[in-house]
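S.K.: The structure follows.
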Amino acid sequence: MDFSTDPRPAPADCATMAEVRVGVDALDRLLVSILAERQRYMDAAARIKADRAAVRDPARIEDVVAKVKAAAREAGLSEAIAEPVWRTLIEACIAHEFGVWDTRRQEA
């Protein structure tokens with residue numbers, strides 16, 4: 001991603017709440033775009049997995065969470081934010097994947 005034309009002020013440069021809100025709103029749009037891409041990977045997983053029982057993989061969930069917590073530490077993100085956000089994201093993605101898996105098999 002090219003941030004060279006990024007209109008966001010750096011957090012340390014914010015002097016007003018309006019500037020903070022500009023930054024947060026820009027990041028929210030970026031997060032939505034990234035989450036949409038993640039969802040497309042869940043669509044691919046639903047297409048690839050032959051067995052519905054494979055949609056929920058507890059070992060993979062814990063692997064993802066462990067990797068996210070490590071990445072959070074490196075990035076300076078509180079694990080108290082990262083872990084519950086990702087666990088919620090994972091559960092929503094699993095529900096989405098089940099829906100896509102079921103729809104694909106009903107259409108076949």
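Any read-out appearing in this document is the output of simple, stated calculations on the displayed coordinates, not a laboratory observation. Remember, predicted model here, so these are calculated numbers, not experimental data.
S.K.: Against the longest alpha carbon principal axis of the chain, how many degrees, from 0 to 90 and to the nearest 10, is the axis of helix 79-107 turned?
M.R.: 40 degrees
S.K.: Specify the angular offset, from 0 to 90 degrees and rounded to the nearest 10, of the alpha carbon long axis of helix 58-75 from the longest principal axis of the alpha carbons in the chain.
M.R.: 10 degrees
S.K.: Still on this structure, I have one more. Using all alpha carbons of the stretch 11-107, what is the percent of pairwise distances in each 5 Å bin, ordered from the shortest bin to the longest?
M.R.: Spelled out per bin, shortest first, that is 2, 11, 16, 19, 18, 12, 9, 6, 4, 2, 1.
S.K.: Could you work out how far helix 17-48 tilts from the main Cα principal axis of the chain, as a 0 to 90 degree angle to the nearest 10?
M.R.: Helix 17-48 sits at roughly 20 degrees to that axis.
S.K.: Taking the chain as a Gaussian network, where each spring joins two C-alpha atoms under 10 Å apart, which residue of Ala71, Ala18, Ala80 fluctuates the most?
M.R.: Per the Cα network of the chain with a 10 Å cutoff, Ala18 tops the list.
S.K.: Over the chain, calculate the relative contact order: mean separation of alpha carbon pairs under 8 Å at least 6 apart, over the residue count, as a percent.
M.R.: It comes to 27 percent, rounded to a whole number.
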